[in-house]
């Protein structure tokens, strides 16, 4: 579905709002969360699971209709799969939360050229939206505490609208988060462009009827062919996006 590079120069034509996913798109964080889940499993069961296997588990889990908290249910899913014992969800969550806080407050970084892209788009007058299933508490940590991120840009300063996990009832691939972004920004789907890395996110963009750019994330390699089939445009890196899209459009 994605178009040839010859057409990329027209990618921002008639666009007013650029909607970004966060994890795996702007943040180099997908494998980080896989590593956290793997450490939780090791802690409660003694079983060593690779980050790649956790990604496969997530891909299998996330496409299902999930009632209740998505991430809490994923931890339970992993616990049931890799441990023969029943564990108190509160204890598992406590282990996870301690590990997660260290990672998201100290270690996670923006991908190369994330800063340059959002700043240039902002300076060109585009409205920027962050539409992510990351919980708000994590966004607050990224914005206020993580020095790796703050030195590049502060999320709440540069984005005109930030929608998080708590702002929607339905998760990607349901288009709710993108439809809400359009509604709040008072624009049509033709005036929007979505930047995504994951299969579920690109499906959500398709379901919203909004053009989508796939920024390839190495963790999606097993579903990349499906992503290619559903994307309007494909960029192998954010650097490619910056050079071929931002710099070449006058």
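The values are calculated or read from the model by the stated rules, or taken from the named source; none is laboratory data. Bear in mind the structure is a predicted one, so any value in this text is a computation, not a measurement. Positions of Cβ are backbone-derived with ideal geometry, glycine not excepted, and every protein chain shown enters the neighbour counts.
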For residue 209, which of the numbered conditions (1) without any contact (Cβ under 8 Å) to a residue 40 or more places away in the chain; (2) closer than 20 Å to residue 58 by Cβ fails to hold? (2)
Of the residues in the range 16-41, how many are assigned to a loop (DSSP other than H, G, I, E, B) and at pLDDT below 95? 3
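Table: residues versus (1) modelled with pLDDT under 90; (2) part of a loop (DSSP other than H, G, I, E, B); (3) farther than 19 Å from residue 219 by Cβ; (4) in the same structural domain as residue 174 (by TED's automatic domain parsing).
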site: 43; (1), (2), (3), (4): no, no, yes, no
site: 49; (1), (2), (3), (4): no, yes, no, no
site: 55; (1), (2), (3), (4): yes, no, no, no
site: 58; (1), (2), (3), (4): yes, no, no, no
site: 65; (1), (2), (3), (4): yes, yes, yes, no
site: 71; (1), (2), (3), (4): yes, no, no, no
site: 84; (1), (2), (3), (4): yes, yes, yes, no
site: 87; (1), (2), (3), (4): yes, yes, yes, no
site: 92; (1), (2), (3), (4): no, no, yes, no
Given the condition farther than 25 Å from residue 173 by Cα, out of contact with any helix residue (DSSP H, G or I) (no Cβ under 9 Å at 6 or more places or on another chain) and either without any contact (Cβ under 8 Å) to a residue 40 or more places away in the chain or not assigned by TED's automatic domain parsing to the domain that holds residue 202 (or both), answer yes or no: does some residue in the range 139-147 qualify? no
Do you know which residues across the range 162-187 are within 28 Å of residue 59 (Cα to Cα) and outside any loop (DSSP other than H, G, I, E, B)? 162, 163, 165, 166, 167, 176, 177, 178, 179, 180, 181, 182
Do you know which of the residues in the range 12-32 that are under 10 Å from the mean Cα position of the chain (by Cα) and over 17 Å from residue 242 (Cα atoms) is surrounded by the most Cβ atoms within 10 Å (Cβ to Cβ)? 29
